[in-house]
Amino acid sequence: MKQREGRPGQKKTSGSSGESRRNDRTGRPPKPVARPAAARETVREAAVPVAVERPLMTRSGERPVERVPVILESLGAGDFHLIDSGNGEKLEQYGPYRIIRPEAQALWRPSLPAHVWEKVDAVFTGDTDEEGSGRWRFPKVALGETWPLNLLGVDFLGRFTSFRHVGVFPEQIVHWSWMKEQVEKAGRPLKVLNLFGYTGVASLVAAAAGAEVTHVDASKKAIGWARENQALGRMEKLPIRWICEDAMKFILREERRGSQYDIILTDPPKFGRGPNGEVWHLFEHLPLMLDVCREILSPKAVGLVLTAYSIRASFYSIHELMRETMRGAGGVVESGELVIREAGTDGKTPGRALSTSLFSRWVPK
């Protein structure tokens with residue numbers, strides 16, 4: 001699966017990442033080929049949950065109804081769409097800029113001719129190894145570090161970082177659209193918890209729709225970026241708590257306090273290290289994280305959403321975990337993949353679907 005790219009100011013975990021594209025039709029020289037265990041999880045070493053232990057709850061009752069497989073697809077939204085992909089890269093539109101970034105899952109050849117790929121504003125290149133930062137190349141003219149973007153009516157800053165990402169993970173648009181709809185039709189202010197909230201786009205979408213939001217991320221730079229995004233959209237008065245803390249520590253404390261949330265979004269990394277050297281392994285610690293999330297869901301909860309990147313597993317692994325976690329709660333667990341469909345240069349011409357992550361979502365009915 002695709003890996004979460006690095007966040008600003010964070011260290012990286014071990015492994016390797018170099019992904020690139022070769023246009024076989026034009027005879028362009030080969031570039032280093034990507035290895036699947038790339039950079040999405042590497043970002044998050046300083047912003048991962050600490051492995052704090054407590055016994056898992058003993059659940060009883062029937063498991064929720066299942067809905068599988070579910071493919072949640074986006075053709076893009078606002079200032080983003082996927083133009084084309086192939087040969088280990090993807091060509092994307094972010095506002096006024098066309099950008100090439102590595103994408104290990106793009107195993108096919110590009111659909112569009114080479115001259116389209118060559119007329120881009122930014123290319124992520126250079127050292128993409130896990131132990132070093134990559135670089136951006138600007139074929140036309142040097143660009144500034146940031147530029148304004150808009151998704152689902154929310155303004156935020158794109159940023160060329162050394163970890164190949166630009167400040168938003170657009171495959172999440174489908175979850176954000178779902179959340180926005182739930183908040184708007186609830187008839188009451190929903191409380192939303194956004195774990196590993198990163199640059200805050202989801203939090204701003206939820207708050208703009210009328211939710212009371214708690215945004216948690218252990219990276220001070222990510223929180224700072226999120227606050228910049230809030231200021232850019234003149235959304236300072238929206239009810240958002242920005243919490244710079246380890247996610248697991250935070251939810252365990254919320255559990256002890258008896259706090260409750262109507263929607264929980266959680267987007268944990270595959271592997272990472274906490275600020276004091278604590279090690280997080282998704283397969284080892286995810287059961288406890290979901291278990292605690294179950295405990296802090298409100299009686300009238302609207303949903304618990306999990307996305308998982310960079311794992312060598314079927315979506316059934318997180319699907320069955322979610323069903324066991326929500327045993328006795330009723331409702332439905334729907335699981336599958338998030339995909340982004342190519343939309344061509346005009347943003348309206350559907351092409352191939354690029355898989356981005358696994359997901360599992362519990363909803364009450």
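The values are calculated or read from the model by the stated rules, or taken from the named source; none is laboratory data. Here the structure is a predicted model, which means the values were calculated and not measured. Quick reminder, even Gly has a Cβ in these numbers, built from the backbone with ideal geometry, and neighbours come from all protein chains shown. Note: accessible area is taken over every heavy atom of the protein model, side chains too, but ligands, DNA and RNA are not part of it. Shrake-Rupley method; radii C 1.70, N 1.55, O 1.52, S 1.80 Å.
For LYS237, are the conditions met, namely being touching a strand residue (DSSP E or B) at 6+ places or on another chain (Cβ under 9 Å) and open to solvent by 30 Å² or more (accessible area, probe 1.4 Å)? No; evaluated as a whole, the condition is false for this residue.
Residue by residue, here is whether (1) under 26 Å from GLU181 (Cα atoms); (2) of a type in the set (A, V, I, L, M, F, W, C); (3) open to solvent by 10 Å² or more (accessible area, probe 1.4 Å); (4) assigned to a loop (DSSP other than H, G, I, E, B) holds:
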residue: VAL305; (1), (2), (3), (4): yes, yes, no, no
residue: ILE311; (1), (2), (3), (4): no, yes, no, yes
residue: TYR316; (1), (2), (3), (4): no, no, yes, no
residue: GLU320; (1), (2), (3), (4): no, no, yes, no
residue: GLU324; (1), (2), (3), (4): no, no, yes, no
residue: ALA329; (1), (2), (3), (4): yes, yes, yes, yes
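Taking the conditions exactly as written (in contact with a strand residue (DSSP E or B) (Cβ under 6 Å, 6 or more places away or on another chain) and open to solvent by 10 Å² or more (accessible area, probe 1.4 Å)), does ALA353 satisfy them or not? Against the criterion (in contact with a strand residue (DSSP E or B) (Cβ under 6 Å, 6 or more places away or on another chain) and open to solvent by 10 Å² or more (accessible area, probe 1.4 Å)), ALA353 qualifies. Taken over region 91-113, the criterion of being open to solvent by 10 Å² or more (accessible area, probe 1.4 Å) and at pLDDT 95 or above is satisfied by GLN93, GLY95, PRO96, TYR97, ARG98, LEU107, TRP108, ARG109, SER111, LEU112, PRO113. Within region 267-300, restricting attention to residues that are at pLDDT 95 or above and assigned to a loop (DSSP other than H, G, I, E, B), the residue that is nearest to PHE169 (Cα to Cα) is ILE296. Pairs linking a residue in region 246-266 that is closer than 17 Å to HIS175 by Cα to a residue that is of a type in the set (Phe, Trp, Tyr), with Cβ atoms under 9 Å and 6 or more positions apart or on different chains, are LEU265/TRP176; LEU265/PHE196; THR266/PHE196. Tallying residues that are under 18 Å from PHE160 (Cα atoms) and either open to solvent by 10 Å² or more (accessible area, probe 1.4 Å) or assigned to a helix (DSSP H, G or I) (or both) within region 199-218 yields 1. Scanning region 147-191 for residues that are surrounded by fewer than 21 Cβ atoms within 10 Å (Cβ to Cβ), assigned to a helix (DSSP H, G or I) and aliphatic (A, V, I, L, M) yields a count of 1.
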